[in-house]
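The values are calculated or read from the model by the stated rules, or taken from the named source; none is laboratory data. These numbers were taken from a predicted model, which means no experiment stands behind them. Because the Cβ atoms are built from the backbone with ideal geometry, glycine has one as well, and the counts that use them run over all protein chains shown.
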Amino acid sequence: MHGPASSGWLLVALCAATGAYCLLRMRSSVEEQRRAAGGEALMGFGMAAMAVPAAAFTPPSWAWPAYAVVFGAAGLHALWAARTHVRHLHHLVGAGAMVYMAVVMATSPGHGHGGSGVPLLTGILLLYFTAYVLATGARLVPVPAAAGTGGSARWGDRPELARACRLCMGVAMVAMLPAM
């Protein structure tokens, strides 16, 4: 990503920590938590890798097409999963945004959008993720204890922590899109 190195490193740390927590959520005893956590871990680590400041590391030319293929496959998986639960449509949009950013970075390394202003698709994605961040943040607090747990749900099964991870990734996406 292009932009100040300090904000890039903060995004790397935020996204990597989110990805790591999502990996831990894959050990949940709740099947739906495990399914969602895998895709979210991929997204967190992928965003962390994309956010590494260009001044610190310039990926090889094959990296951006590889990102596009990986997140294209994740998008197809999300599209297939959306048959059973509409929430996967958000994963589809996220994977699509990652493919879009990878394609932009592959076609104009070192230049981002080339100073031509914010393209329409970037603007639409920014609006979507801004709305998502606001809606997720509003739902974050307060979250009642899970039914039947008496407030002692395992930390990997706590819905407010999963929402906080999704909120972090949404915020990171809002920061990354205009920085391309």
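State yes or no: is Ala179 modelled with pLDDT under 85, out of contact with any strand residue (DSSP E or B) (no Cβ under 7 Å at 6 or more places or on another chain) and closer than 25 Å to Thr18 by Cα?
Working: modelled with pLDDT under 85: yes; out of contact with any strand residue (DSSP E or B) (no Cβ under 7 Å at 6 or more places or on another chain): yes; closer than 25 Å to Thr18 by Cα: yes.
Spelling it out, Ala179 is indeed modelled with pLDDT under 85, out of contact with any strand residue (DSSP E or B) (no Cβ under 7 Å at 6 or more places or on another chain) and closer than 25 Å to Thr18 by Cα.
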Checklist outcome for this item: Inside the stretch 49-65, the number of residues satisfying the requirement of being within 19 Å of Thr107 (Cα to Cα), in a loop (DSSP other than H, G, I, E, B) and either small (Gly, Ala, Ser) or over 19 Å from the mean Cα position of the chain (by Cα) (or both) is 8
Item to check | Of all residues in the stretch 116-131 being of a type in the set (S, T, N, Q) and modelled with pLDDT of 90 or more, the one that is farthest from Ala95 (Cα to Cα) | outcome: Thr130
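Of all residues in the stretch 23-48, which are more than 11 Å from the chain's Cα centre (by Cα) and surrounded by 13 or more Cβ atoms within 10 Å (Cβ to Cβ)? Quick ask: steps written out before the conclusion?
Looking only at the stretch 23-48, we keep the residues that are more than 11 Å from the chain's Cα centre (by Cα), and these are 23-38.
Selection gives Leu23, Leu24, Arg25, Met26, Ser28, Val30, Gln33, Arg34, Arg35, Ala36, Ala37, Gly38.
Check whether at least one residue in the stretch 80-93 is farther than 23 Å from Leu177 by Cα and part of a helix (DSSP H, G or I), and report yes or no.
Let us first name the residues in the stretch 80-93 that are farther than 23 Å from Leu177 by Cα, namely 80-86.
Within this subset, residues satisfying the condition of being part of a helix (DSSP H, G or I) are 80-81.
Checked against the condition, which is being farther than 23 Å from Leu177 by Cα and part of a helix (DSSP H, G or I), the stretch 80-93 yields at least one hit.
Please count how many residues of the stretch 36-69 are more than 24 Å from Ala5 (Cα to Cα), in contact with a helix residue (DSSP H, G or I) (Cβ under 7 Å, 6 or more places away or on another chain) and hydrophobic (A, V, I, L, M, F, W, C). Show your work before the answer.
Step one: filter the stretch 36-69 for residues more than 24 Å from Ala5 (Cα to Cα), giving 36-40, 69.
If we keep only those that are in contact with a helix residue (DSSP H, G or I) (Cβ under 7 Å, 6 or more places away or on another chain) as well, we get 37, 39-40.
Remaining after also requiring hydrophobic (A, V, I, L, M, F, W, C): 37.
Of the residues in the stretch 36-69, 1 are more than 24 Å from Ala5 (Cα to Cα), in contact with a helix residue (DSSP H, G or I) (Cβ under 7 Å, 6 or more places away or on another chain) and hydrophobic (A, V, I, L, M, F, W, C).
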Next on the checklist: On the basis of being part of a helix (DSSP H, G or I), modelled with pLDDT under 95, on the phi < 0 side of the Ramachandran plot and of a type in the set (Lys, Arg), does Arg166 make the cut?
Outcome noted: yes
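Give the residue, chosen from Gly8, Gly46, Gly38, that is within 19 Å of Arg87 (Cα to Cα) and either among the aliphatic types (A, V, I, L, M) or not in a loop (DSSP other than H, G, I, E, B) (or both).
Working: Gly8 fails: within 19 Å of Arg87 (Cα to Cα); Gly46 fails: within 19 Å of Arg87 (Cα to Cα).
Testing whether each residue is within 19 Å of Arg87 (Cα to Cα) and either among the aliphatic types (A, V, I, L, M) or not in a loop (DSSP other than H, G, I, E, B) (or both) leaves just Gly38.
Quick check on Ser7: is it more than 13 Å from the chain's Cα centre (by Cα), among the hydroxyl-bearing types (Ser, Thr, Tyr) and either closer than 19 Å to Tyr100 by Cα or surrounded by 16 or more Cβ atoms within 10 Å (Cβ to Cβ) (or both)? Working first, answer last.
On the way: more than 13 Å from the chain's Cα centre (by Cα): yes; among the hydroxyl-bearing types (Ser, Thr, Tyr): yes; either closer than 19 Å to Tyr100 by Cα or surrounded by 16 or more Cβ atoms within 10 Å (Cβ to Cβ) (or both): no.
No, not satisfied.
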